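Single-structure report; data block below.
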Amino acid sequence: MKTTASKSAVVRARLNHPVVDSDGHMIEFEPGFIDYLEKVGGQTMVKRFYSDERNTGAWGKLSQWYRLSPEERRAHHQTRAPWWALPTKNTLDRATAVLPKLLYERMDDIGLDFTILYPSLGLSFPHFEDEELRKATCRAFNMFCADYFREYADRMTPAACIPMHTPQEAIEELDYTVNTLGLKAIMMAGHIQRPIPVAVQKDANVGVHAFWLDNFCIDSEYDYDPVWATCVALKVPPTFHSPAMGWGGRTTSNYMYNHTGHFAAAGEVVCKALLFGGVTRRFPTLKFGFLEAGVGWASDLYAGIIARWKKRNPRGLENYNPTNLNKELWLDLHRKYGGRLVQDKLDGLQSPGLMGGTKEDPSTLDDWRACRVEKAEDIRDLFIPNFYFGCEADDPLNATAFNRTMNPFGAQLRAIFSSDIGHWDVPDMTEVLEEAYELVEHKVINEENFRDFVFTNPVSLWAGMNPDFFKGTVVEQAAAKALKNERH
């Protein structure tokens, strides 16, 4: 029997506030999940789950690695699948991620007061291409979680799987998840891979390679505003935990190469779209979480969008309007300062490309029209209050969220502590909080920043739309006080 407190328990004992983990991971008890899948779709659906039909979609295709020979992998340019992604040497931690009763018993030693638990196997369910299988696995997972974790609701809650291939299926599962099952945290697909129509017309099988990313906001296949409106009505903040492996530069045979930065790449797709698509303008109370991606990319995105607005806002665009080029001065300067090669080619200066550029449709010139940005500060107000960024404990760039000197307009980004317990990132659950606290010990952030990281910001995300989120939990009173202070 262990008699000494863990490093994280020692850190937790020094704090005057709770610790809320916004991204722990369960390892699903698969036989139990399969029972629910059978209830939803019968033995036929269970067989489909274990068939090749499961190997479609953003993550499903990754598992095809093991079905191909080395030569076939090369020919298909097959992305290396995640491998050995779960802890094994630390058997206690492996079992803790599977058994909520064991996790409940160990919470204090891990240093956590409350945790929101995300899927492992279920991460892929919202991305299955087969509609029936996608809906059935998400429904079965949510039913399973509602029953499996109910007894331990004062210290943990699961995040439900919400498919997003169409607004209708998203709304149906949102309604069932919240109103029937009583779940209060959700994980949506962060993008949908859709085949490029022209490519599919030429070859029906090429869609697996020739696809575009539907970000739900810009050039989307559907209008997803009804989904966001449903989230507001049901008081659930959308959170995203989707992959980017298998597209872009992440299609190599090296897992670590593909993995590094992939959650950030996927998070940027939807985060950027939500702002440019005007979602945070139309739904100002809606909060979004981007998980397991860190916050360094978000600091870069936030600053980068502001920098671009300053140069390419509707007024700034006049600096690049071809009609503003002084053609006489342009030619005169070439005559006076051009060398022999230029002098011999002066007639070529009249080409449209050299004279300034293409003609554009005036109605499409303002890239900021959907979010109605009129000044740079508007970007801060449409970004900072609405977006929350899940940060693992070992990421030193967590500090960038709190660097008011670096972030434009002295902003502090909403970084949220995300333990990732249950996955290979965490070889020892009892060291995660202590590892996160090292930024304080190294004087990179202060105690107030750390409180925001592990408590205030998580409370703002989860209870900002639903003040009752922490009702009946061990952090109820502290969360209510923090939420009251934020509103004042």
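Where a number appears in this text, it was derived from the coordinates with a stated rule and is not lab data. No experiment lies behind these values; they were computed from the predicted model shown. Here the Cβ is made from the backbone with ideal geometry for all residues, glycine too, and neighbour counts use every protein chain on show.
For this structure, a couple of remarks:
- Counting only lysines at least 8 places from K481 when in the same chain, those with an alpha carbon closer than 27 Å to its own are K184, K235, K287, K471.
- FRET efficiency, 1/(1 + (r/R0)^6) with R0 30 Å, evaluated for V444 and T4 via beta carbons: 0.60
- Straight-distance crosslink candidates among lysines, where the alpha carbon sits under 23 Å from K7 and sequence neighbours closer than 8 are dropped: K89, K101, K443
- Gyration tensor (alpha-carbon) shape descriptor, region 165-233, a/c threshold 1.5: prolate
- Per DSSP, loop trypsin sites (Lys or Arg not before Pro) in region 385-488 with at most 15 further Cβ within 10 Å: R404, K443, K471
- For a straight C-alpha distance cut-off of 28 angstrom, the lysines reachable from K345 (same-chain residues fewer than eight places away being disregarded) are K327, K336, K359.
- Rough spin-label spacing in nm, given labels placed 7 Å along Cα→Cβ, for R369 and D109: 6.1
- Cα gyration tensor shape for region 290-399, rounded if a/c is under 1.5, else prolate or oblate: prolate
- Overall form of the chain per C-alpha gyration tensor (a/c, 1.5; a/b vs b/c): prolate
- Phi-based couplings in Hz for region 241-253 (Karplus 6.51, -1.76, 1.60; Gly and Pro marked x): 8, 9, x, 10, 5, x, 9, x, x, 9, 10, 8, 8
- Taking other C-beta atoms within 10 Å as the exposure proxy, C231, C391 rank C231, C391 from fewest upward.
- The GluC sites (Glu not before Pro) of region 362-444 meeting both criteria, a DSSP state outside H, G, I, E and B (loop) and at most 13 other C-beta atoms within 10 angstrom of the site's C-beta, are E374.
- Applying a 4.7 Å Cβ-Cβ cutoff to the chain, the cysteines left without a disulfide-compatible partner are C145, C217, C231, C271, C371, C391.
- Antiparallel %, DSSP beta bridges [both residues in the chain], to 5: 15
- Computed over neighbours whose Cβ is under 11 Å from that of A160, the net charge equals +1, Lys and Arg +1, Asp and Glu -1.
- Karplus 3J(HN,Hα) series, Hz, for region 323-337 with 6.51 cos²θ - 1.76 cosθ + 1.60 (x for Gly, Pro): 5, 8, 6, 7, 5, 5, 5, 3, 5, 4, 5, 5, 5, 7, 10
- Positive-end residue, the chain charge dipole about Cα centroid, Cβ charges, pick of V19, L92, A153: V19
- Under 5 Å, built H, 5+ apart or other chain: amide partners of M156: T115
- Annotation for region 245-264 versus region 151-165: alpha-carbon center distance of 27 Å.
- Each residue of region 259-275 was assigned a 3J(HN,Hα) from its phi angle through the Karplus curve 6.51 cos²θ - 1.76 cosθ + 1.60 (θ = phi - 60°); the sequence is 6, 4, x, 6, 5, 5, 4, 5, x, 5, 3, 7, 4, 4, 5, 4, 6 Hz, with glycine and proline shown as x.
- Helical content of the chain, expressed as a calculated mean residue ellipticity at 222 nm, amounts to -11500 deg cm²/dmol (DSSP H runs of 4 or more residues, -39,500 (n - 2.57) each, divided by residue number, nearest 500).
- Burial ordering of I27, I384, I116, fewest other beta-carbon atoms within 10 Å first: I384, I27, I116
- With the simple model of a label 7 Å out from the Cα in the direction of the Cβ, E221 to L349 spans 5.2 nm.
- Neighbour-count order for F389, F409, F276, fewest beta carbons within 10 angstrom listed first: F409, F276, F389
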